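Data block below; observations after.
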Amino acid sequence: MNKMFSFSTERKVFISIGLVTLLIMAGGILLLTKQDERLNSSLIGQEVKVESRNHVPDGTEIQYNSNPPAGGSHYATTAHAGIYDKDKTPADGYLVHSLEHGAVILWYKSDLPQYQVEKLKNVFNSVSGKKIMVPRKNLDVPIALTSWGWILKLSVINEAKIKEFVETNNDRAPERAPI
């Protein structure tokens with residue numbers, strides 16, 4: 001056998017480790033590039049002026065300048081990620097604090113037919129990120145999405161728009177913190 005192409009086991013291990021390290025580094029660079037592209041893209045929806053980021057005592061009545069709220073004063077505790085039903089919907093003050101932490105909220109009119117709620121749940125579950133889904137009694141459209149300072153109102157379930165809003169606006173708020 002030709003000695004020039006003969007490698008010891010030790011050398012093969014080092015070469016393998018080097019190649020795996022290069023692949024991991026290349027993958028990391030690719031992920032960071034994709035993340036930079038997302039963070040540099042324009043936010044989606046209509047911008048809403050946020051008056052304050054103050055914490056107020058739980059139970060305080062808070063007036064928001066949009067329906068549903070897209071930012072403003074809020075309670076000191078966040079609402080947890082997930083899907084809420086009509087009986088367990090957190091107060092706006094908790095939800096707005098989650099927006100401040102980078103969550104996106106998918107709001108739907110509380111009298112939306114159940115088959116449409118199920119369709120929204122499927123769309124909601126198909127996209128990743130910090131997100132909350134809640135019914136709202138006094139919503140003036142069937143569906144709305146909010147992130148900190150942004151709102152998108154929809155008259156019909158538009159899966160592409162919902163996914164785009166969540167993917168683009170997710171985790172782009174004054175605080176990047178868990179909810």
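Some points to look at:
- Residue in region 80-93 that is in the same structural domain as Ser52 (by TED's automatic domain parsing), assigned to a loop (DSSP other than H, G, I, E, B) and over 20 Å from the mean Cα position of the chain (by Cα) present: no
- Qualifying position, being crowded, with 17+ Cβ neighbours inside 10 Å, of a type in the set (A, V, I, L, M, F, W, C), more than 25 Å from Gly93 (Cβ to Cβ) and out of contact with any Pro (no Cβ under 6 Å at 6 or more places or on another chain), among Val156, Val134, Val123: Val123
- Residue within region 79-101 that is under 20 Å from Ser42 (Cβ atoms), hydrophobic (A, V, I, L, M, F, W, C) and in contact with a strand residue (DSSP E or B) (Cβ under 9 Å, 6 or more places away or on another chain) present: yes
- As for region 55-74, it holds no residue that is of a type outside the set (A, V, I, L, M, F, W, C) and part of a helix (DSSP H, G or I).
- Screening Lys163 against (1) of a type in the set (Lys, Arg); (2) more than 20 Å from Gly72 (Cα to Cα); (3) not assigned by TED's automatic domain parsing to the domain that holds Thr77 leaves a single unmet condition, (3).
The values are calculated or read from the model by the stated rules, or taken from the named source; none is laboratory data. What you are looking at is a predicted structure, and each value in this text was computed from that prediction instead of being measured. Every residue, glycine among them, receives a Cβ derived from its backbone with ideal geometry; neighbour counts consider all protein chains shown.
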